[in-house]
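Written below as structure tokens is the structure these notes are about.
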Amino acid sequence: MALRDKIRQVVGVKDSPRKIAISFGLGVFIGISPILGLHTVLGILVAWICRLNKFVTLVGVYVTNPWTIVPIYTFATWLGGRILGMEHILPEIDWHNAGIMDLIRDLEPILLPFIVGSVFLGFVSGIAGYLVIYHSVVRQRRLGNNK
């Protein structure tokens, strides 16, 4: 299903524009957060606890998916490095002698930039998602009432 179709489904949800937008924005934040592997569970749990729309929250969560995860997290790590004032973000890796423990040790310097960048990017993207969905729902309902 295309992104446009998902947005139409989100905009068509029978709930208040504010609740739909909060559900989506929070989903986007969770989807970009650094808690890899727990996005879906966390999205459902937070939506249930906060009494938000689970479907809309999951649509937001799935902004990060197999096609978008690499560019999103690469940009987030770069952004986190910039926020932290790092000039050189990528560590040197000895690929000829790289065991799993060596690789973990070599990638440790990008952990903090990854966390800082993905939280910051998630926050900004969540707010942007909220605004876009809120105004889309309000506009769609206004146009629907004028027919």
For G43, are the conditions met, namely being of a type outside the set (S, T, Y), under 15 Å from the mean Cα position of the chain (by Cα) and outside any helix (DSSP H, G or I)?
no
Quick one: which helices (runs of 4 or more DSSP H) lie wholly within the stretch 47-147 and hold at least 1 residues that are hydroxyl-bearing (S, T, Y)?
54-61, 69-83, 111-145
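For the stretch 10-32: of the residues being modelled with pLDDT under 75 and assigned to a helix (DSSP H, G or I), which is farthest from G144 (Cα to Cα)? Even if it seems obvious, please write down each step before you answer.
Going residue by residue through the stretch 10-32, those that are modelled with pLDDT under 75 are 10-12.
With the extra rule that they be assigned to a helix (DSSP H, G or I), the set shrinks to 10-11.
Working: V10: 15, V11: 12 Å.
Looking at residues that are modelled with pLDDT under 75 and assigned to a helix (DSSP H, G or I), I get V10.
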Identify the single condition in (1) more than 29 Å from F24 (Cβ to Cβ); (2) at pLDDT 95 or above that R105 does not satisfy, given that it satisfies every other one.
(2)
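Conditions tested, residue by residue: (1) surrounded by 14 or more Cβ atoms within 10 Å (Cβ to Cβ); (2) of a type in the set (S, T, N, Q).
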{"residue": "T74", "(1), (2)": "no, yes"}
{"residue": "I89", "(1), (2)": "yes, no"}
{"residue": "I100", "(1), (2)": "no, no"}
{"residue": "P109", "(1), (2)": "yes, no"}
{"residue": "L112", "(1), (2)": "yes, no"}
{"residue": "G129", "(1), (2)": "yes, no"}
{"residue": "V132", "(1), (2)": "yes, no"}
{"residue": "V137", "(1), (2)": "yes, no"}
{"residue": "R142", "(1), (2)": "no, no"}
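The values are calculated or read from the model by the stated rules, or taken from the named source; none is laboratory data. Remember, predicted model here, so these are calculated numbers, not experimental data. Positions of Cβ are generated from backbone atoms using ideal geometry, with glycine treated the same way; all protein chains shown enter the neighbour counts.
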